[in-house]
Structure formats: C-alpha cells, structure tokens
Amino acid sequence: MSEIDQIKRVDRTLIANGAIIDYYQDTMELPNGKYAKWDLIDHKGAAAVVAVLDDGRLLMVKQYRNAPERVTLELPAGGRNGRNEDTLITARRELEEETGYECVNIRFLTSIYTTVAFCNEKIDIYLATGLKRGKQHLDEDEFLNVSSYTLEELKQMILENKIQDAKTICGVLTYAATL
C-alpha cells in the first residue's frame, strides 16, 4: 500500500449550509501520523447539455455569473433536484427551462469533477439532438440569453480564452472528438 492510500478522514464537521452547497471541514490522518484540516464543498451534482440543432449549431446561454463577476457563455446546465435525481432527468429539464427546447434524442457524453481539490461537484454532460422548440421556463432569479454557434466558432472561443467555463470546454471538446 502506498502512502497516499493511507490517508483517511477521521472527522467531518459541518461549517455552513448554503442554498447550493454545504461547507465542511474534514480532519485527515496523514501517512506520517500527523493530522490536517481539509475543506470540502459538498454539492448535490448537476447536468449540462451539448444541444445540437439540425443545422449543426450548438445552443449556448449567456448569463451573469457572480464568481467571475461577468457574463459567461455556457452550455445549458443546472443542478439536480436532490441527490437521487437521475442526471438524465436534470439534463432534459435544464435544456427546456433554459433554452425552451426539448430533445428527441439524448445520450451521455462524459462526467467531470469541477474542482477535485476541495469540491465534490460532479457534472454529467449529455448530447441532445432532434431539438424541438418548446417554451422557456426560467427560474425567478434567472436571466439569460440563448444563442447558437458553430462548433468551429466555439472551439475558436475556447482557444482565445473567451470561454473559460470548465463544463462548457469539456462538453464542446468531447462532442468535437466524437465526430
């Protein structure tokens, strides 16, 4: 057994409950016999959607994000309604809520952990095709614009550092790799 396999959590203390996350402090026993305090952000998980229109363009949402303090261009996405909700259901719901589109076909592309050093947020990313326009259902505190881009435009925006959202970069590039 290697040293890293000997690290174990001996205590977890809830520091704060949030609307989206809970913050814990873990006490970890290290291979050298010492103890360390590690932070953990606990998240219920989410889903994102690479939504491809019949003409090949991808649906994207622009919205203000508090952490980077700016408007971002992202894949449609959102959190699960509880830890047991299947992310396929989350993906379908968020696609319709944010873009106003429903899909005929949806399949799993990949999963990502957003920040493995201190957060357990896992986002399952799906590919949706056969899109049909429905009705957008934004949350009361949600304000966003929907637009579409070619795959080449999005790849160029990633290379130019105009798109920095991890789920969007992973989703777009994973989709591109499947073509």
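Some observations on this one:
- Search result, residues across the range 114-140 that are outside any strand (DSSP E or B), buried (at least 16 other Cβ atoms within 10 Å of the Cβ) and among the hydroxyl-bearing types (Ser, Thr, Tyr): Thr114
- Residue-level check: of (1) touching a helix residue (DSSP H, G or I) at 6+ places or on another chain (Cβ under 7 Å); (2) at pLDDT below 95, Cys103 misses just (2).
- For Ile163: the one exception among (1) farther than 22 Å from Ile21 by Cα; (2) in a strand (DSSP E or B); (3) touching a helix residue (DSSP H, G or I) at 6+ places or on another chain (Cβ under 7 Å): (2)
- Filter result for Glu152 (surrounded by fewer than 12 Cβ atoms within 10 Å (Cβ to Cβ), among the acidic types (Asp, Glu), more than 14 Å from the chain's Cα centre (by Cα) and over 26 Å from Leu40 (Cα atoms)): yes
- Applying a threshold of 8 Å to beta carbon distances and a minimum spacing of six or more residues, or different chains, the list of pairs starting in the range 145-172 at a residue that is in the same structural domain as Glu74 (by TED's automatic domain parsing) and at pLDDT 95 or above and ending at one that is charged (D, E, K, R) and part of a helix (DSSP H, G or I) reads Val146/Glu98; Val172/Lys155.
- Residues in the range 90-127 that are over 27 Å from Asp22 (Cβ atoms) and of a type in the set (Ser, Thr, Tyr): Thr99, Tyr101.
- If you go through the range 56-78 and keep only what is farther than 21 Å from Ile158 by Cβ and either aliphatic (A, V, I, L, M) or modelled with pLDDT of 95 or more (or both), you end up with just Gly78.
- Positions within the range 16-38 being under 20 Å from Ser2 (Cβ atoms) and without any contact (Cβ under 8 Å) to a residue 12 or more places away in the chain, in sequence order: Asn32, Gly33, Lys34, Ala36
- Scanning the range 62-97 for residues that are of a type in the set (Val, Ile, Thr) and within 13 Å of the chain's Cα centre (by Cα) yields Thr87, Thr90.
The values are calculated or read from the model by the stated rules, or taken from the named source; none is laboratory data. Computed from a prediction, not measured in an experiment: that's the story for all the values here. Because the Cβ atoms are built from the backbone with ideal geometry, glycine has one as well, and the counts that use them run over all protein chains shown.
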